[in-house]
Amino acid sequence: MNAMTAMTARKDKGFTLIELVMVIVILGILAAFALPRFADFGGDARSASVQALAGAMKSAASIAHADQLSDGATLGTTVTLDGQAITMVNGYPTANAAGIVAAADIDTTNDYPSSGGGTAGGNTITFTLQANCTASYTAANAATDNTPPLTAPQSVAVDTSGC
């Protein structure tokens, strides 16, 4: 019975030093392999954000175009989406604050600073998170604005090389 009591008492003491060292070593090895995979998600987040912005611009441009077509309006007629007037050129939103920025509800003050743009067909507005991490919208173009045929449809381009 004394041997059994000694074993029971030994089990109640806790972990041995070797067991604790082994756990620390295993955790260290796991951390060494896992840490680089989770170290920098900032670039992935910026890339995803710019791609989401591009998707929002494509959708907003298509919705504004569809609204203009369903109304039977001419190519340059302003449309209203969610109570917001959207300026149009060649059947798509213009590349400025009153056009694609309003249609896609883009926050150019806090989220996506913009540069360029304009009201004419073929103008481009660029939204930048950081250098070479941008999304650009180019308004549809025609030989003469708001007169068919279009020479180039609206387009959205993404550069994630610097995200």
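Only the coordinates and a few stated rules stand behind these numbers; no lab work does. All values derive from a computational prediction rather than experimental measurement. So basically every Cβ, Gly included, is an ideal-geometry build from the backbone, and we count neighbours across all protein chains shown.
Footprinting exposure proxy ranking of 112, 92, fewest other C-beta atoms within 10 angstrom first, gives 112, 92.
Cα axis of helix 2-11 to longest principal axis of the chain: angle in degrees, 0 to 90, nearest 10? Long axis of 2-11 versus the principal axis of the chain: about 20 degrees. Mean residue ellipticity at 222 nm, helices only, the chain: -13000 deg cm²/dmol; runs of at least 4 DSSP H residues each add -39,500 (n - 2.57), and the sum is divided by the number of residues. If you take the Cα centroid of the stretch 100-126 and the Cα centroid of the stretch 63-86, the two points sit 18 Å apart.
What is the extension gain from residue 32 to residue 147, computed as 0.36 nm multiplied by their sequence separation minus the C-alpha to C-alpha distance, in nm to one decimal?
35.2 nm
Springs between alpha-carbon pairs under 10 angstrom, Gaussian network model over the chain: which of 144, 109, 77 fluctuates most? Ranking 144, 109, 77 by mean-square fluctuation puts 109 first.
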